[in-house]
Amino acid sequence: MKTTTYNIERINHLIQQYQLGKEEFLTLISEGLKHSLTWEAVFKEEIQINHLKRIDKIFRKGLSYYLDPTPPITSKESSIFFRKEKFGTNLNLAAKKIVNQFEELKISLSGLAKLSDINLERKLPVLSNQDNPALVANKIREQLMPRSKKDPKKFLNALIDKFAEYNILVFEYVEHPSLKEKTNIDGFFLQPNVIVLRRNQDYFKREIFTLAHELGHYLLNQEEIESMDYDQMAFGKINKVEAWCNNFAFAFLAGPQLPVLDKLPNVTLRNDYNFNEIKTISDQTHLCFTAILTYLVKKGKVSGAIYAKMRSDQEEELRKRKEEDKKKRELEKEMGKASIASLAKPIKSPLFVSTIQSAFFDGVINEYELCKTLNLKPNQLEKYLR
DNA sequence: CCGGTAAACCCAATTGTCGT
DNA sequence: ACGACAATTGGGTTTACCGG
């Protein structure tokens, strides 16, 4: 058994940052073992390399991190988990990992920007939740709304490009389909200018709504980690900031369709639930059907029962569509067609790319780091160096 | 610009094997 | 019982191209 000296302070610090209980932590590092590890068995004068590896499976800092004798940094700048105690949702481990991962990326990126003299200054004013969200949205639309794109994914792309022009850095992360524990969040906003989204392959419009919602957080400069629960949005108690961001996101995406929606009569069985009208608006804008429903509930135009029915119909439709796709694939497989597909690629913000590029040209990072950061293969490099 | 279609092409989990 | 490493398996997207 190989052992090594280590810095237990750093491990304790990480446990605290991830807000793990002692038991929880021990269960996590005992994964796959017949006999669970105990605190005493692991943290002796020297630690077993195996145990250290198990610990690093949680935190992914690299083994050398735990060997460093200098004390860990506990500043508020280093992690949102030291800045903010409570979030609108309970995060699972995967979610905490993702948040920490992007926080680290954010910090290293702002370092790079400083070193290569890139100005990432805020171009939009900080607003208060006393401001009227619909009026704000109309103003912001003029600056941040890309010209029309029908395809939701293309629109999302264009939106991220526009945000980049205003120094708002948007990241997307993609979870592998066979990942065991997926994150239980949809996105988050980190001060000063970073928005992170979870890829929603089945329903890009939801991802777009999350982005608009996070833009609201950016405008208010209020950090939050989000799990978009539409039922909660319609009926639950939500705090003022969340409500503001929802209203803002809705008005931002609805644009000129907002008055049309407001003129809609109450949704009842008699007018066939206004299904076609809602569908039309959903098609003309990038609002998802569900978001429109929650808006109508808030305006008192849809009763709880009708909302529930329409929601479950929507879910059902999505489920059916997925099932059909699956069947089609299975059929193709039987016909002898090889089924290999690459994993979805996260959308890259041009602001991110240009920052890394400048850092490279200024000699702040080398070619290897450039490839690694932008997730490129060396033969793709040329395209990025022009 | 749009919809449809074909071809290219990744990563995590699981399983197996062997050494300690 | 466990760790290390390799081979296998399984899940479903991007991107380019074409005709309209």
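The values are calculated or read from the model by the stated rules, or taken from the named source; none is laboratory data. None of the values given here were measured: they were computed from a predicted structure. Ideal geometry is used to build each Cβ from the backbone, glycine not excepted, and the neighbour counts take in all protein chains shown. With ligands, DNA and RNA removed, areas are computed over all heavy atoms of the protein, side chains included. Shrake-Rupley method; radii C 1.70, N 1.55, O 1.52, S 1.80 Å.
Details
- Using C-alpha pairs below 8 Å separated by at least 6 residues, the relative contact order for chain A is 16 percent.
- 14 Å beta-carbon shell around residue A:313, net charge (K/R +1, D/E -1): +2
- With all protein chains modelled, accessible area of residue A:175 [1.4 Å, Å²]: 40
- Set of the stretch A:232-266 residues, backbone N closer than 16 Å to the point 7 Å along the Cα-Cβ line of residue A:318: A:232-234
- Percent RCO, i.e. relative contact order, over the stretch A:110-323, from Cα pairs under 8 Å lying at least 6 residues apart: 19
- Amide H partners (placed H, <5 Å) of residue A:171, local residues excluded: A:195, A:196, A:197
- Solvent exposure, largest accessible area first (probe 1.4 Å, DNA, RNA and ligands not counted), of A:272, A:131: A:272, A:131
- Taking the longest Cα principal axis of chain A as reference, the axis of helix A:289-298 is set at about 70 degrees.
- Cα gyration tensor shape of the stretch A:3-74, rounded if a/c is under 1.5, else prolate or oblate by comparing a/b with b/c: oblate
- Put a dot 7 Å past the Cα of residue A:268, heading toward its Cβ, do the same for residue A:30, and the two dots end up 6.1 nm apart.
- Long-range amide H partners of residue A:224 with built H, under 5 Å: A:189
- Rule-of-thumb Rg ratio for chain A [Cα; 2.2 N^0.38 Å; N residues]: 1.12
- Rounded, prolate or oblate (a/c below 1.5 giving rounded, otherwise prolate when a/b exceeds b/c) for the stretch A:48-91 by Cα gyration tensor: oblate
- Computed [θ] at 222 nm, helices only, for chain A once each DSSP H run of length n ≥ 4 contributes -39500 (n - 2.57): -16500 deg cm²/dmol
- Area of residue A:198 that stays accessible when all protein chains are in place (1.4 Å probe, Å², to 10): 50
- Given their separation in residues at 0.36 nm each and the Cα-Cα distance between them, residue A:77 and residue A:8 gain 22.6 nm when the chain is fully extended.
- Dipole axis of chain A (+1 Lys, Arg; -1 Asp, Glu on Cβ), positive-most option in A:308, A:188, A:128: A:308
- Rounded to whole numbers, the Karplus 3J(HN,Hα) couplings from phi for the stretch A:126-131 are 7, 9, 10, 6, 7, 5 Hz, using 6.51 cos²θ - 1.76 cosθ + 1.60 with θ = phi - 60°, and x at Gly and Pro.
- Kirkwood-type hydrodynamic radius, the stretch A:131-269: 15.8 Å, calculated from all non-identical alpha-carbon pairs.
- Charge context of residue A:57, other residues only, Cβ under 11 angstrom, K/R +1, D/E -1: +3
- For residue A:43 and residue A:199, a Förster radius of 41 Å and the Cβ-Cβ distance give a FRET efficiency of 0.60, rounded to the nearest 0.05.
- Computed over protein heavy atoms with a 1.4 Å probe, the carbon and sulfur contribution to the accessible area of chain A reaches 51%.
- J(HN,Hα) series, the stretch A:300-311, from Karplus relation 6.51 cos²θ - 1.76 cosθ + 1.60, nearest Hz, glycine and proline x: x, 9, 10, 7, x, 5, 5, 4, 4, 5, 5, 4
- Distance (nanometres) between label positions extended 7 Å along Cα→Cβ at residue A:343 and residue A:138: 4.5
- Relative to the longest principal axis of the Cα atoms of chain A, the long axis of helix A:49-59 lies at roughly 20 degrees.
- Largest-first ellipsoid semi-axes for the stretch A:154-208, taking √(5λ) over the Cα gyration tensor eigenvalues, angstrom: 22, 14, 8
- In this simple spin-label approximation, residue A:154 and residue A:329 carry label points 7 Å from Cα along the Cα→Cβ vector, and these lie 2.5 nm apart.
- Using θ = phi - 60° in the Karplus curve 6.51 cos²θ - 1.76 cosθ + 1.60, the 3J(HN,Hα) couplings for the stretch A:244-257 round to 4, 5, 4, 5, 4, 4, 5, 5, 4, 7, 6, x, x, 7 Hz; x is entered for Gly and Pro.
- Other residues whose C-beta falls under 14 angstrom from the C-beta of residue A:120 contribute a net charge of +1, scoring Lys and Arg +1 and Asp and Glu -1.
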